[in-house]
1. Taking into account only those residues within segment 515-558 that are in contact (Cβ under 8 Å) with a residue 40 or more places away in the chain, over 26 Å from the mean Cα position of the chain (by Cα) and in a loop (DSSP other than H, G, I, E, B), which is farthest from residue 251 (Cα to Cα)?
2. Look at residue 505 and say whether it is at pLDDT 95 or above, within 18 Å of residue 465 (Cβ to Cβ) and either among the polar types (S, T, N, Q) or touching a helix residue (DSSP H, G or I) at 6+ places or on another chain (Cβ under 6 Å) (or both).
3. Pull out all pairs, ordered by first then second residue, where Cβ-Cβ is under 9 Å, the residues are six or more apart or on different chains, the first lies in segment 372-388 and is farther than 15 Å from residue 564 by Cβ, and the second is open to solvent by less than 60 Å² (accessible area, probe 1.4 Å) and among the acidic types (Asp, Glu).
4. Select from segment 621-637 the residues that are of a type outside the set (Lys, Arg), part of a helix (DSSP H, G or I) and either under 18 Å from residue 858 (Cβ atoms) or open to solvent by less than 60 Å² (accessible area, probe 1.4 Å) (or both) and list them in ascending order.
5. Only one of 640, 644 is under 19 Å from residue 312 (Cβ atoms), touching a strand residue (DSSP E or B) at 6+ places or on another chain (Cβ under 9 Å) and buried (at least 16 other Cβ atoms within 10 Å of the Cβ). Can you tell me which?
6. Could you count how many residues in segment 775-807 are assigned to a loop (DSSP other than H, G, I, E, B) and either open to solvent by less than 30 Å² (accessible area, probe 1.4 Å) or among the polar types (S, T, N, Q) (or both)?
7. Which of the residues belonging to segment 287-308 are within 21 Å of residue 541 (Cα to Cα) and crowded, with 22+ Cβ neighbours inside 10 Å?
Amino acid sequence: MSSISLPLLTLRSSPSIPFPSIINLSRPFSTSLSSNTFHHSQLLVSSSTTSNQAITETTSSSTINVQNDDALDTTLFIIRTKNRIGLLQIITRVFKVLGLRIEKAIVEFEGEFFVNKFYVSDSNGKKIEKVEYLEKIQKALVEAMDGDDGGGGPPSVAVSGRGVVVRKGGLKAKSEKMFGLMDGFLKNDSVSLQKDILDHVEFTVARSRFNFDDFEAYQALAHSVRDRLIERWHDTHQYFKKKDPKRIYFLSLEFLMGRSLTNSVINLGIQDQYADALTQLGFDFEILAEQEGDAALGNGGLARFAACQMDSLATLDYPAWGYGLRYQYGLFRQIIVDGFQHEQPDFWLNFGNPWEIERVHVSYPVKFYGTVEEEVLNGKKCKIWIPGESVEAVAYDNPIPGYGTRNAINLRLWAAKPSDQYDMESYTTGDYINAIVNRQKAETISNVLYPDDRSYQGKELRLKQQYFFVSASLQDIIRRFKDLHKNFDEFPEKIALQINDTHPSISIAEVMRVLVDEEHLDWSKAWGIACRIFSVTIHAVQPEGLEKIPVDLLGSVLPRHLEIIYEINFRLMEELKKSFDQDYDRLSRMSIIEEGAVKSIRMANLSLACCHTVNGVSRVHLETLKTRVFKDFYELWPQKFQCKTNGVTQRRWIVVSNPSLCSIISKWLGTEAWIRNVDLIAGLREYAKDPDLHTEWKNMKKVNKMRLAEYIETLTSVKVSLDAMFDVQIKRIHEYKRQLLNILGIIHRYDCIKNMDESDKRRVVPRVCIIGGKAAPGYEVAKKIIKLCHAVADKVNSDPDIGDLLKVVFIPDYNVSVAELVIPGSDLSQHLSTAGHEASGTGCMKFLMNGCLLLATADGSAVEIAEEIGEANMFLFGAKVDEVPALREKGTTLKGSLQFARVVRMVRDGYFGFKDYFKSLCDTVEDGGDFYLLGHDFASYLEAQAAADRAFVDQEKWTQMSILSTAGSGKFSSDRTIEEYAEQSWGIEPCKCPF
């Protein structure tokens with residue numbers, strides 16, 4: 001007998017090949033290997049059996065002997081079988097698929113037979129001692145060696161009650177065929193991309209490959225990109241499952257993702273390949289990208305911040321999931337008719353969403369209403385919630401790719417569907433109409449972003465939305481945890497839950513309900529776990545902006561949760577009494593329950609009572625939280641309060657939206673590494689005065705302004721001069737953001753130009769004043785501000801005395817895609833919030849990255865921006881945060897400047913028409929009602945505008961300031977924000993999926 005000794009046997013060079021498993025996989029084909037070892041968490045090995053066992057299995061032509069001698073550190077499998085090509089590879093693959101390590105392999109030949117000796121250990125490097133697992137391994141080996149290669153039906157798949165797919169079939173030798181077919185990644189050369197696109201045209205879009213339009217080409221293109229995302233997505237999550245790191249789960253009711261196509265191909269590193277492939281097919285990548293609609297699942301900065309965080313989490317390789325709601329309509333479409341805002345539903349899903357994957361098998365019941373009963377279990381009293389209504393939460397997954405990494409994480413959005421139980425009852429009784437009504441009622445939960453909550457029904461729907469998304473997400477998180485772990489003591493070591501503002505705060509009560517009522521943990525232990533897993537980011541600035549839920553409403557919709565919140569509050573009050581004794585005013589302020597005409601639950605206080613970290617989103621904002629909004633809590637728990645200044649992702653706001661600037665930065669830095677390590681962008685400071693860079697920079701700005709000018713002319717028929725300063729304010733319309741201050745400044749400029757002689761007019765810096773944003777449907781003051789914008793625009797733009805010296809443009813239906821066009825083409829950006837009212841202001845960061853100069857109050861992140869780039873490179877004005885309270889106390893004695901009085905009088909007297917309509921708007925800033933201090937700040941605002949004019953005349957100075965703005969933007973990347981969260985709040989580490 002001859003023998004040879006083999007090294008450890010590897011299965012493939014590529015890490016992405018999926019393998020089917022025979023034991024409880026969540027997906028049939030999703031395992032990936034990157035080395036000789038693959039951990040399968042379901043194969044848990046027990047030492048309950050005795051060692052030194054030997055088991056023999058005999059097949060028609062083979063014998064399999066298992067030995068667990070005490071002298072061995074591993075389990076020995078001795079396989080004697082007839083030799084045939086590929087058999088050795090089949091056997092080793094079986095071990096790998098089952099999560100076992102081959103420590104050593106010896107092959108001995110006996111004529112036409114060969115004897116294979118495999119020294120095997122489990123995923124922890126120990127013997128396999130449990131008899132039932134040894135038998136399963138033997139059975140798998142037998143099926144693999146004796147099975148046929150081609151026949152047999154597909155393995156059976158069943159859906160469990162907890163939303164987990166269970167694979168019930170055994171490992172057949174036919175899987176060898178699949179291994180071969182799936183051995184490698186999708187190719188990214190032009191021919192392969194073209195074939196994939198055309199295949200999707202014909203088989204996904206169902207159009208003839210000889211007759212399809214731009215939109216159908218976009219759909220096919222998007223699906224081909226999604227195929228490549230899914231490859232990385234599968235590999236990433238199997239790698240996470242293998243490594244079992246601590247994960248962060250990001251809970252947010254809003255995700256303003258915008259378009260996905262360009263961002264995805266850039267992060268995948270295949271934009272040029274796709275552009276070349278499409279050109280050869282007769283299509284232009286940019287034109288097809290314009291066919292994509294915006295995923296408007298958010299309202300403003302909070303939602304876009306959440307989207308940037310997902311991009312950074314993926315890029316920095318953190319093990320993360322995002323959870324939110326799949327709104328059927330999203331934020332409304334803004335239609336302007338005669339200068340008035342009208343709202344229309346945003347049917348963004350009408351033509352499908354190629355970026356999502358519907359997971360019909362991943363669904364969870366979510367319950368409402370009902371009663372709470374008490375029963376005795378094992379001698380202990382337990383509360384049982386008997387719900388009165390149930391709906392199903394169905395998962396829709398959206399892969400989020402990282403840049404420069406194989407990692408692609410998941411954003412899981414929930415859609416509400418009717419419970420099968422109630423549908424079946426209706427059909428059984430012949431009540432078809434009631435079945436339809438139940439379906440419509442259930443689906444309403446995830447229909448609309450931010451239902452109008454001025455009525456009881458609106459408040460109820462808002463609460464149901466919050467709990468629906470929280471309950472489904474936590475069921476999913478806990479199910480995933482229990483797949484790998486048996487003891488909730490490990491929960492805080494593996495799970496971090498981030499609450500994005502207070503909307504998901506009901507998750508605290510839900511975690512307590514699950515741990516106490518369903519898992520039967522002691523209250524103190526459950527509360528200890530909850531306090532270790534939750535952290536919260538507060539975005540509100542004013543106490544009145546914090547969410548409250550009427551007790552009667554919560555008790556009706558979620559009766560058990562109201563009981564739990566009362567118990568949390570009772571224990572909180574008992575703890576506070578130890579510190580504050582009889583200070584009942586303080587106790588009342590800190591109570592989760594607010595007494596009053598309408599007894600309410602303070603959701604922010606619930607969050608502060610539980611969360612281990614409370615995050616402000618800028619230094620100014622944190623000081624506001626500490627000294628005003630949560631002063632009592634800060635004095636008790638100062639260690640909880642942290643600052644994590646918001647950031648935006650440079651990949652979306654430079655690489656995607658401003659490719660010309662991206663090329664310039666990479667050229668002058670000599671590397672593209674800044675796209676992942678944005679601190680490198682500070683290297684531009686070295687070239688801030690270089691005339692060659694100035695030339696390239698100004699050309700880049702001109703090209704971007706041309707694009708914006710063409711868009712403005714197409715949208716509004718207003719033709720603007722490229723020599724003018726493009727002066728932009730785009731954000732949600734609100735009194736504190738002071739778009740009204742901007743309009744009054746425009747009126748002042750118009751009034752001045754109108755009264756100039758021709759020689760003075762030649763010295764005026766021409767301006768194109770661009771305003772964009774949506775007013776909440778019920779916010780009448782904001783709607784009047786929009787109308788005033790249009791009234792002023794009509795007057796100014798049609799005045800022949802003004803010409804190109806001043807143009808006013810309102811861009812309707814402002815969204816992420818519009819921002820990607822407007823921001824690169826801007827010269828000056830205005831951020832005018834009354835100091836102390838803007839939590840962070842991520843909009844100014846996007847403009848900063850694009851070399852746009854900022855005219856701003858010292859509010860939110862603008863204070864930190866001034867520290868990074870120097871106050872000399874921006875235009876600050878207005879009252880400081882600490883001055884605002886004293887100014888407000890002056891009331892009617894606080895007078896604005898004469899210029900302010902004049903421009904308000906022009907509006908009040910009907911100079912721009914609609915005299916009666918604008919009367920109430922003028923009242924908000926006169927007669928002591930100027931809460932947001934427009935009158936006080938107006939003179940300072942005009943001085944800042946004049947400084948901007950003087951700087952713009954000196955184009956070399958302006959360009960230098962622009963370069964220094966971009967160079968100083970590195971701190972305001974969401975990458976830095978996420979790294980701070982990971983280290984200081986979540987306690988998570990990167991988990992990079994190998995290529």
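1. 520
2. Yes: the conditions hold for residue 505.
3. none
4. Matches in segment 621-637: 621, 622, 623, 624, 625, 627, 629, 632, 633, 636.
5. 644
6. 4
7. Scanning segment 287-308 gives 298, 301, 302, 303, 304, 305, 306.
Residues checked against (1) open to solvent by 40 Å² or more (accessible area, probe 1.4 Å); (2) at positive phi; (3) free of Cβ contacts under 8 Å to residues at least 24 places away in the same chain:
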site	(1), (2), (3)
928	yes, yes, no
941	no, no, no
944	no, no, no
976	yes, no, no
981	no, no, no
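The values are calculated or read from the model by the stated rules, or taken from the named source; none is laboratory data. Here the structure is a predicted model, which means the values were calculated and not measured. Neighbour counts run over all protein chains shown; Cβ positions are idealised from the backbone, glycine included. To get the accessible areas, we keep the full protein, side chains included, count just its heavy atoms, and leave off ligands, DNA and RNA. Shrake-Rupley method; radii C 1.70, N 1.55, O 1.52, S 1.80 Å.
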